[in-house]
Amino acid sequence: MAGKGRLTGLLLVIVGSISWGASGTVADYMFLTQHVPVLWVVGIRMFLAGILLLLTYKITVGGSIFTIWHDKSQASLLICFAIFGMLMSQFSYLSAVRFGNAATATVLQFTTPVFIIIYYSISRRKLPVRLDVISIILAVVGTYLLATKGEFGSLTISKLGLFFGICAGIAGANCTLIPIKLLNKYDPRLICGWAMLLGSLPIQPIVVIDTPHININPTLIFELIFITIVGTMVAYLFYVASLNYLEPAVTGTLSSFEPLTAAILSVSFLHLKLTFVEVIGGLLILMMAFVQALPQKNKLE
């Protein structure tokens, strides 16, 4: 893939990654200033994003959005993806931002490949290959440095921030593994649209109960629109579109712009102070994405 098409793909994945990283910082600022509940934000974000994705599919493709419900096995898989993939991912990531910060949460979310490697190793009863082992070591050491700042035996970041950050990595693995069969048969916008909409339904009662007690103001509305449209719609659609021009390994590597963007914006606008050890820890986790992009024989698939 060369020339204009490759350049288009590069721009799409970079803009998509920057959009996701920026939305994390906006969410961080929103939690700091608006003091809104995480589940309330998740419920609104997923509900609106789900409807918008389904509308996008209907307008651009024109097919029925209910096709997937004709197959009971596929429908069951979609429900699992909605709860254990999409809802878990959105809730754990935003909780990691709420109890920690956007930069650390986005970096910890990058541990997803480790959990995928572990899953395949256990399910196939096969030891990871060398590069996978290196990836695991990079992730463990990087996470340890982020959590302790190199101070052995002490935890220097919020326990809940660390917990939900790791949960976000696990949820990312679920989002990768659960919908594989669905994505082989249906359009990604249809799958993710329904997953977001369905995943938001269990927490809609919380949205209804909390809304009267929340100070709805123009700034909060803008922040919600930003993390829904830019951080979800644009980030997702641009990333998926980039796969038409680039290899998955390249898009996965370039998605490292997510934590880079979150870190730069958090330091610049939220006055987040990162120590040298934390930067090294974050870089080790990001290196894992580049290691996973390297060609290797007998790699677990």
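Rule-based calculations on the coordinates, nothing more; no lab input. What you see is a predicted model; the values in this text were computed from it and never measured. Reconstructed Cβ throughout: ideal geometry from the backbone, glycine too, with neighbour counts over all protein chains shown.
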Cα centroid separation - the stretch 23-77 against the stretch 97-121, whole Å: 21
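Quote the convex hull volume per residue of the stretch 52-132, based on C-alpha atoms, as a whole number of Å³.
Dividing the Cα hull volume of the stretch 52-132 by its residues yields 165 Å³.
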For semi-axes √(5λ) of the Cα gyration tensor in Å, which listed value, (i) 31, 24, 20; (ii) 25, 22, 21; (iii) 28, 26, 19, comes from the coordinates shown? (iii)
Calculated diffusion of the stretch 155-203, Stokes-Einstein form, Kirkwood radius summed over Cα pairs, 37 °C and 0.692 mPa s, µm²/s: 258
Output needed: percent of Cα pairs per 10 Å distance bin for the stretch 19-96, bins running from 0 to the one holding the longest distance. 15, 39, 30, 14, 1
Along the principal axes of its C-alpha atoms, what lengths does the stretch 38-182 span, in descending order and rounded to whole Å? 56, 40, 23
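Which whole-number percent gives the relative contact order of the chain, counting Cα pairs below 8 Å spaced six or more residues apart?
Details: 429 pairs, mean separation 125.2, N = 301.
With pairs under 8 Å counted, the relative contact order is 42 percent.
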CD proxy, 222 nm, the chain: helix-only mean residue ellipticity via -39,500 (n - 2.57) per DSSP H run with n ≥ 4, per residue, nearest 500, stands at -22500 deg cm²/dmol
For the chain, list the DSSP H helices whose alpha carbon atoms reach 20 Å or more along the long axis and whose average Kyte-Doolittle value is -1.0 or above? 4-34, 38-60, 130-148, 159-177, 276-293
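Give Lys58/Lys185; Lys126/Lys185; Lys72/Lys185 a once-over and call out the pairs whose C-alpha atoms are over 22 Å from each other. Intermediate results must be reported in sequence, preceding the final value.
On the way: Lys58/Lys185 17 Å; Lys126/Lys185 28 Å; Lys72/Lys185 14 Å.
Check vs 22 Å cut-off fails for Lys126/Lys185.
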Can you order the peptides 28-41, 67-80, 101-114 by their average number of other Cβ atoms within 10 Å per residue, highest first? 101-114, 28-41, 67-80
